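J.: Pasting a structure here, questions to come.
The values are calculated or read from the model by the stated rules, or taken from the named source; none is laboratory data. Every value quoted in this text rests on a predicted model; they were computed, and no experiment measured them. In this analysis, Cβ positions are derived from the backbone assuming ideal geometry, glycine residues included, and neighbour counts consider all displayed protein chains. For accessibility, only protein heavy atoms count, side chains too; no ligands or nucleic acids. Shrake-Rupley method; radii C 1.70, N 1.55, O 1.52, S 1.80 Å.
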Amino acid sequence: MGSNLQAISLFGTLGMALLVIAIRMKASKRPVNAMKILMPPIGMSTGFLMFVAPLTRIPVSWGLLAFAVGAVVFAFPLIRTSGFSKQGDHVYLHRSKAFLIILIVLLAIRLFLHSYVEEYITVYQTASVFFILAFGMLLPWRVAMYVQYRKLMNS
């Protein structure tokens, strides 16, 4: 059962990562607005309902550490490679050429860490830790994007 969950987790992570990469690359061709920037962390926050299940619960210190690693290590390169440009009344997201490479490297690091952490805690707790890590990456990145967006709209 454990190896089945690991395989499902691995393929699920890879599938979602490829989907996110495809969506992000396509999104830069359309104008953005505040809702498009802020909705991903709001939508993702519903995932915290997983902690209703006792198997997924982790110590608070693990959650804080996972969030901090996501915010500091994973969000920083995304923040640095995301920017906006204003064309007429519309704002477009533009990314550096390094963005795709950074996403792939972050995915590889995450998959390596996932395999390592999974050796010491349960699959369910690993899912919890990495959900919080991903949320810790997404939230500061999107807040930074929103701040940049607001500055550009007000200029």
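J.: Output the residues belonging to region 89-115 that are over 14 Å from the mean Cα position of the chain (by Cα), open to solvent by less than 60 Å² (accessible area, probe 1.4 Å) and over 21 Å from Ala144 (Cα atoms).
T.: Leu113, His114, listed by residue number.
J.: Could you please find all residues in region 22-53 being over 22 Å from Val91 (Cβ atoms) and either open to solvent by less than 60 Å² (accessible area, probe 1.4 Å) or in contact with a helix residue (DSSP H, G or I) (Cβ under 9 Å, 6 or more places away or on another chain) (or both)?
T.: Residues satisfying the conditions are Met44, Ser45, Gly47, Phe48, Met50, Phe51, Ala53.
J.: Which of the residues spanning region 68-110 are at pLDDT below 80 and within 20 Å of Met50 (Cβ to Cβ)?
T.: Arg110
J.: Can you spot a residue in region 100-112 that is of a type in the set (Gly, Ala, Ser), more than 18 Å from Pro59 (Cα to Cα) and assigned to a helix (DSSP H, G or I)?
T.: The answer is yes; a qualifying residue exists.
J.: Filter region 45-61 for residues that are under 11 Å from Ala127 (Cα atoms) and either part of a loop (DSSP other than H, G, I, E, B) or touching a Gly at 6+ places or on another chain (Cβ under 8 Å) (or both) and give the result.
T.: Arg57, Ile58
J.: Starting from region 101-122, keep only residues that are under 15 Å from Gly70 (Cα atoms), then list their pairs with residues that are among the basic types (Lys, Arg) whose Cβ atoms are within a distance under 8 Å, requiring at least 6 positions of separation or different chains.
T.: Between residues of region 101-122 that are under 15 Å from Gly70 (Cα atoms) and residues that are among the basic types (Lys, Arg), the close pairs are Leu103/Arg24.
J.: Using beta carbons and a limit of 7 Å, which pairs, at least six apart or on different chains, have the first residue in region 129-148 and closer than 17 Å to Thr81 by Cα and β-branched (Val, Ile, Thr) and the second one open to solvent by 20 Å² or more (accessible area, probe 1.4 Å) and in a helix (DSSP H, G or I)?
T.: Qualifying pairs under 7 Å: none.
J.: Restricting attention to region 130-155, and to residues there that are open to solvent by 40 Å² or more (accessible area, probe 1.4 Å) and closer than 30 Å to Tyr120 by Cα, which single residue is modelled with the highest pLDDT?
T.: In this case the residue turns out to be Leu139.
J.: Determine, yes or no, whether Ser61 is over 20 Å from Met39 (Cα atoms) and small (Gly, Ala, Ser). Full working, then the answer.
T.: On the way: over 20 Å from Met39 (Cα atoms): yes; small (Gly, Ala, Ser): yes.
Yes: the conditions hold for Ser61.
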